[in-house]
Every structure is written in C-alpha cells, then in structure tokens.
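Engineer: Take a look at the following structure, please.
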Amino acid sequence: MFSVKSKMKIIITISILLLVFPFPSSIFAQKLDLDNKSQGVDAIPNLKEMPTNKVKSLEKNNNPKIENQEYIENKFKINKLKQKNELTLSQTTETRNSNNGSYGYVTDYLTEEGQEKYIYPIAVEPGEVLHAQLDLPNSNELDYDLYLFEVNPDTLDMTLVDLSQNRTFLNGIEGTAPESVGILNKENTIKEYAVFVVSEVGSSITQPFTLHIGINTNTDNFEADENINWAVNFTLMPVGTTVIDMRSMDTLVDNDWYKFTIPNSKNYDTMNFTLDEDSKNANYKIELYQLEDSQLKKVNISSNGKAEIDSGQYYIRVTSIESTNLSGSTYSLSILPDYQADEIYITGFEGGGYATYQFGKYYRVNGNSTLTINGIAGYNGYVLPDADVSVTVINEHWNPEDLRFRTATTQSDSKGNFTVDIQTSHSTASYSYFISGAISFTHYFDYGYVRVNSGTAVDIQPIYFFAYSIRN
C-alpha cells in the first residue's frame, strides 16, 4: 500500500509529533469519568428575567418610649423652659416658597452632665413637618440625647411627642449615629414646639454638638419617622430587587428609617443598596445599621452600594442632611441581594466544530488554540446578573497542572450571560479513531472537558482536543 519511502516519512512524522507532544504513559488510555454531570444544550431551561418588586405597603411603628415622659421629667427636670438654657439658631434660611422649606442650625456645648439646652419657639403650620437632628461629639465619654415637646404657648405646659436616645458607639470618624426627632402637624392650627439637647453622660467645653432644624410642607404619608423607634417595616422579596418608591425627603434635615430582616435561609453574603439618579444628584444618602444594646452599629456600604451582611435585623437610614436642594419628588430605594447561582449552563463553544469519535459527538478544538465558552447563570429559575463565574478547560492527559488545567474568571452580564476565551494546551494524542471511507484517516486526539461553576452550580461538557490525522 505504501512504498518504503512513504513508510519512512510516516514513521519520522510520528516520531517528531511524539517528541513535541509528550504524555505520561500511565494515563495514556485513561477515559475521563464525567460523573454524569454534563448537560446537553437541549436541557438548558428558559430562565426568566430577574424581577423588580415594588413594595405596595409599609408598616409604621409607634414609639413606645414616649410614655416615659414622667421619668424623663424627673431625671432631667425637663418640665419647663429655662431662659438661660435657650439656644438661638445662628444660621437660618427662610425659603418656604421654594422646595427646601426652612432650615437652620446652631452649634454649642453642654458643660455639665445632666444639662439641657433647647430651641423655642418653633412654629409649625398645619400640614407642615418639623425635623430636628443632633450631630454628636465624636467621643466615647459623651452621650447626648434629643427630645421634642409640644408647648402650650399660653401656659408653657409641655408634652413629649418624640425622643431619640441612641447609646454612644463610635462608627469610625463618623462617630455615633445622630439623634433625630420630628413631628407632623395634623391639626388645623399652628403648633409650637421645643427641641431639647440633654447630656445623659458627660460634658465638654471643647467638643461641641450641632443641632439642625428643618420645616417644610409634608408630602410623605409616613412622617415623622426620624429615629429607629418609628422605623417603617418592610419585607424583602424572595427573588429579585425590592423597591420602595412611595416616600420623599421633605426637609434638609429629613431622616427616613426602615427595618427589615435577612432570613437564616439566605444564600447570599452581600447586598446592593441604591437610590435613583435624581436622589443621588440631590446628595441623598443611604446608611445601614444593626442595633445591639441600644447602640446603632454602622454596616459599611461601599462606594458602589455594596454591603456585607449576615442573617438578622437591620435598619436603613435615608437622609437628606448633606443635601442643599431637595429633588422635589419621591425617591426610589432599591435593595438587591447578590444571590449565589444555583444553576449554570454551557450554551455553546466557538473556535472549532463538532466531531464524532468513540466517546460520542462532542465539540472539538485544536490543541494550543483559543476556545470560546458561552454560558448563562441563574438563580431559582431566573437569570442572574453579575454572577462570578469560573471556567476551567481540563485535559487530564497532561502533567504538570499548569498544562492540565486552564482557568479564566468572568462575570455574567445583565441577562445572566457570560463569555470567556481560554488558550488550550497542546493535545497529547492520547486516543485515536479510525475513519473509513474512499480515503481513510486515523484521528489522534485527547478527551477532556470544560467545567463552569458559580455559587453552588456546576456544568460540565466533554470536549475533544485534536492533535493530528494520518491518512491510511
């Protein structure tokens, strides 16, 4: 069939190939065990788009601490106005005809433990909301609280309507979470109020506090909820983004508080907290806290809105304290867990074509070439955006591992799709397959697989690494 000269050429060619593509004899004839983990393209389900769920109702709490007025009066003797303790707003902007309402602040000191200072009178017209925020000294030795009283202008009798008593906990350079109180005037007459700053623990002649006051027409049905005692409850949706878009910032001192619980059954470790673009442009801010022993401990939210979380109860604070111009509309607060994928599929390959050998019909790519792997990640039947995906091309006929395993990582796009390119190792020609015909060939190849994984999900597809063919 072949001349002596032709046979010599074939022998020399094979010898050269074996030198270029060495392989361990111990695995020369080893067939890979895929443990039945591979899934054909036909088995890929139709994943739905991750939903956006708008919260339809919110539940506002009542502040049980307001019932402690008698205790507060007895402890701090806050039962009447003392002119020597009266504060004056040193910086005031009257802009009631604009969207911002009125705003003012004062900076001062509490020089004795138990001392109080107050602002009075604060007149609030029907339908207006009053917000007050106390920025605290950044000191473990000081603990100041904030109280809001309605005052009868004729008798100066006072009725406690709100209080904020966060225990001192320094959240880095930002210090203790601010104390905040507020009230919505639901009556048909003008109301007068007094805001008291009180030293619960310690005093200082060098570390001041700052008290902010804001008044404006109210457009939010859940006001006032300026501290965690009034926090509005909501439930995270089981899948997708939870969106609250029925509330607004009504003064430059507004604080909206929310309370929610992360279940023990979660399969995520981080969450994303974002506001709509108009609210971001207005410098509204999101903060995340956990409450332990009456201390609000801040959970860091990164610059891109991501926070590491555990199971348990959390508080969200949306605030306008850094704003100089309110947006004039409702804000949209979005909360999206970074779900871990529980399903992942290889949807196709590029860089070669399909071939049928003794192990079946699988994709074939040349050794030492670029293989493109396409796939999709999902969670609970939905496509999963931004999933971390690892892709490994495995040719177990090679040793050492840097030739056996070729790995790349990527993230899925907004539709859950991902694509990655991997340079394959040379084929060791561990298997052969005879193809008969008018002109017969023997193909030499390796039998390996591609593995993709994300979260708890894995998909594996067999693949051939082509080495060379010999005409018989």
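Engineer: Looking at region 107-164, which of its residues are buried (at least 19 other Cβ atoms within 10 Å of the Cβ) and outside any strand (DSSP E or B)?
Structural biologist: Residues satisfying the conditions are Leu110, Leu136, Pro137, Leu142.
Engineer: So Glu67 ticks every box in (1) closer than 13 Å to Leu160 by Cα; (2) under 41 Å from the mean Cα position of the chain (by Cα); (3) at pLDDT 60 or above but one. Which box is left unticked?
Structural biologist: (3)
Engineer: Pairs needed: first member in region 350-366, closer than 13 Å to Tyr447 by Cβ; second member anywhere, surrounded by fewer than 16 Cβ atoms within 10 Å (Cβ to Cβ); C-beta distance under 8 Å; at least 6 residues apart or different chains.
Structural biologist: Between residues of region 350-366 that are closer than 13 Å to Tyr447 by Cβ and residues that are surrounded by fewer than 16 Cβ atoms within 10 Å (Cβ to Cβ), the close pairs are Ala355/Lys361; Phe359/Lys31; Lys361/Tyr354; Tyr362/Tyr354; Tyr363/Gly353; Tyr363/Tyr354; Arg364/Gly353; Arg364/Tyr354.
Engineer: Would it be correct to say that Asn229 is in contact with a strand residue (DSSP E or B) (Cβ under 8 Å, 6 or more places away or on another chain) and free of Cβ contacts under 8 Å to residues at least 40 places away in the same chain?
Structural biologist: Taking the combined requirement at face value, the residue does not satisfy it.
Engineer: Please state which one of Thr206, Thr176 is among the β-branched types (Val, Ile, Thr) and either crowded, with 18+ Cβ neighbours inside 10 Å or in a helix (DSSP H, G or I) (or both).
Structural biologist: Thr176
Engineer: Of everything in region 311-351, what is among the aromatic types (Phe, Trp, Tyr) and over 20 Å from Asn216 (Cβ atoms)? Give them in sequence order.
Structural biologist: Of everything in region 311-351, those that are among the aromatic types (Phe, Trp, Tyr) and over 20 Å from Asn216 (Cβ atoms) turn out to be Tyr314, Tyr315, Tyr339, Tyr345, Phe349.
Engineer: Can you name the condition, by its number, that Glu187 falls short on among (1) in contact with a strand residue (DSSP E or B) (Cβ under 9 Å, 6 or more places away or on another chain); (2) of a type in the set (Asp, Glu); (3) farther than 28 Å from Glu141 by Cβ; (4) in a loop (DSSP other than H, G, I, E, B)?
Structural biologist: Condition (1) is where Glu187 drops out.
Engineer: Restricting the search to region 279-320, which residues are out of contact with any Pro (no Cβ under 7 Å at 6 or more places or on another chain) and small (Gly, Ala, Ser)?
Structural biologist: Within region 279-320, Ser279, Ala282, Ser294, Ser302, Ser303, Gly305, Ala307, Gly312, Ser320 meet the criteria.
Engineer: Criterion first (in the same structural domain as Glu86 (by TED's automatic domain parsing), under 20 Å from Glu292 (Cα atoms) and part of a strand (DSSP E or B)) does Glu192 satisfy it?
Structural biologist: no
Engineer: Oh, and also: Go through (1) part of a strand (DSSP E or B); (2) free of Cβ contacts under 8 Å to residues at least 24 places away in the same chain and name the single condition Tyr464 misses.
Structural biologist: Going through the list (1) part of a strand (DSSP E or B); (2) free of Cβ contacts under 8 Å to residues at least 24 places away in the same chain, Tyr464 breaks only (2).
Engineer: Could you check, for region 298-310, whether at least one of its residues is among the basic types (Lys, Arg), within 17 Å of Thr261 (Cβ to Cβ) and part of a strand (DSSP E or B)?
Structural biologist: So far as region 298-310 goes, no, none of its residues is among the basic types (Lys, Arg), within 17 Å of Thr261 (Cβ to Cβ) and part of a strand (DSSP E or B).
Engineer: Scan region 343-360 for residues that are of a type outside the set (Ser, Thr, Tyr) and in contact with a Gly (Cβ under 6 Å, 6 or more places away or on another chain) and jot them down.
Structural biologist: Across region 343-360, the qualifying residues are Glu343, Ile346.
Engineer: I need the full set of residues from region 214-258 which are assigned to a loop (DSSP other than H, G, I, E, B), crowded, with 24+ Cβ neighbours inside 10 Å and of a type in the set (Val, Ile, Thr), in order please.
Structural biologist: Matches in region 214-258: Thr251, Val253.
Engineer: Residue by residue through region 394-442, note down the ones that are more than 17 Å from Ser369 (Cβ to Cβ), within 37 Å of the chain's Cα centre (by Cα) and crowded, with 18+ Cβ neighbours inside 10 Å.
Structural biologist: Result: Thr410, Ser412, Gly416, Phe418.
Engineer: Moving on to the next point. Return the only residue of Ser294, Ser279 being of a type in the set (Gly, Ala, Ser), closer than 20 Å to Trp230 by Cα and either surrounded by fewer than 20 Cβ atoms within 10 Å (Cβ to Cβ) or modelled with pLDDT of 95 or more (or both).
Structural biologist: Ser294
Engineer: I would also like to ask the following. Restricting to strands (runs of 3 or more DSSP E) lying wholly in region 368-425: which have 3 or more residues that are in contact (Cβ under 8 Å) with a residue 60 or more places away in the chain?
Structural biologist: Hits in region 368-425: 370-379, 388-394.
Engineer: Quick check on Gly448: is it farther than 30 Å from Ser265 by Cα and modelled with pLDDT under 95?
Structural biologist: The answer is no for Gly448.
Rundown of residues vs (1) at pLDDT 95 or above; (2) surrounded by fewer than 17 Cβ atoms within 10 Å (Cβ to Cβ); (3) over 18 Å from the mean Cα position of the chain (by Cα); (4) of a type in the set (Asp, Glu), yes/no style:
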residue: Arg317; (1), (2), (3), (4): yes, no, no, no
residue: Asn325; (1), (2), (3), (4): no, yes, yes, no
residue: Ile344; (1), (2), (3), (4): yes, no, yes, no
residue: Gly367; (1), (2), (3), (4): no, no, yes, no
residue: Thr370; (1), (2), (3), (4): yes, yes, yes, no
residue: Thr392; (1), (2), (3), (4): yes, no, yes, no
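The values are calculated or read from the model by the stated rules, or taken from the named source; none is laboratory data. Quick caveat: nothing in here was measured; it's all calculated off a predicted structure. Glycine gets a Cβ as well: all are built from the backbone with ideal geometry, and neighbour counts include every protein chain shown.
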